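The values are calculated or read from the model by the stated rules, or taken from the named source; none is laboratory data. On a predicted model such as this, the values are computed, not experimentally measured, just so you know. Every residue, glycine among them, receives a Cβ derived from its backbone with ideal geometry; neighbour counts consider all protein chains shown.
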Amino acid sequence: MWAVVYSITGNQHDAEDAMQNALTSAWRNLHQFEPRAKFSTWAYRIAANAARQIIRARRDVLDDEIGMTQADTSPTADEKVSTVMVVRAGLAQLGEDFREALILREYGGLTYEEIATHQKIGIQTVKSRINRARTKLREILSEQGVK
């Protein structure tokens, strides 16, 4: 769950808030969990929703942080740290549905079927969103000089 909220929010402070909200929500709504479904899919959905709520509440702050992240990347910084920062900024530039699908697949390890259930869309739509997100992220990273 942490990887999902952190990837969606892009910073530790908002991720901590989202994680706390997600865990509280999961605890309060545990009685609504359907045993037919996978618990992890249910928990990831709660986490992603909590992260999106934080983003909506702090959209202006997030935009400012993204701008600072890009401006602060310098050639003298450690390459790995710089790359991670650029990837996070690139993810933040993706549309919400595309970013979420990609994060759930790559960081959350969810299957296409689980993502489809989570986003309430068809499996082919999930595959399309992930493909488009990867293509757009590649373009963004290429513009930033990341291979």
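Looking only at the range 43-53, residues that are closer than 13 Å to VAL4 by Cα, modelled with pLDDT of 85 or more and out of contact with any His (no Cβ under 8 Å at 6 or more places or on another chain) come to 6 in all. Is there a residue being under 16 Å from ALA37 (Cβ atoms), surrounded by 18 or more Cβ atoms within 10 Å (Cβ to Cβ) and under 15 Å from the mean Cα position of the chain (by Cα) anywhere in the range 121-142? For the range 121-142, residues under 16 Å from ALA37 (Cβ atoms), surrounded by 18 or more Cβ atoms within 10 Å (Cβ to Cβ) and under 15 Å from the mean Cα position of the chain (by Cα): absent. Of the numbered criteria (1) within 19 Å of the chain's Cα centre (by Cα); (2) modelled with pLDDT of 80 or more; (3) aliphatic (A, V, I, L, M), the one VAL61 fails is (2).
Among residues of the range 93-139 being in a helix (DSSP H, G or I) and aromatic (Phe, Trp, Tyr), the one that is nearest to ASN49 (Cα to Cα) is PHE98.
Do we have ASP97 as more than 23 Å from ILE140 (Cα to Cα), under 15 Å from the mean Cα position of the chain (by Cα) and either basic (Lys, Arg) or at pLDDT 90 or above (or both) here? Lay out the reasoning, then the answer.
Numbers: more than 23 Å from ILE140 (Cα to Cα): no; under 15 Å from the mean Cα position of the chain (by Cα): yes; either basic (Lys, Arg) or at pLDDT 90 or above (or both): yes.
The answer is no for ASP97.
Set side by side, the residues GLU16, GLU34 differ, and just one is in a loop (DSSP other than H, G, I, E, B), closer than 23 Å to GLY109 by Cα and modelled with pLDDT of 70 or more, which is GLU34.
Within the range 102-147, the set of residues being closer than 14 Å to VAL86 by Cα and of a type in the set (D, E, K, R) comprises LYS136, ARG138, GLU139, GLU143, LYS147. Applying the criterion of being within 18 Å of GLY90 (Cα to Cα) and of a type outside the set (Gly, Ala, Ser) to the residues of the range 8-55, the residue that is nearest to the chain's Cα centre (by Cα) is ILE8.
Tell me which residues, restricted to the range 107-133, are acidic (Asp, Glu) and without any contact (Cβ under 8 Å) to a residue 40 or more places away in the chain. If you could, list the steps in order and put the result at the bottom.
Narrowing the range 107-133 to residues acidic (Asp, Glu): 113-114.
Within the range 107-133, just GLU113 meets the criteria.
Filtering the range 106-117 to residues that are in contact with an Asp or Glu (Cβ under 9 Å, 6 or more places away or on another chain) and at pLDDT 90 or above leaves only ILE115.
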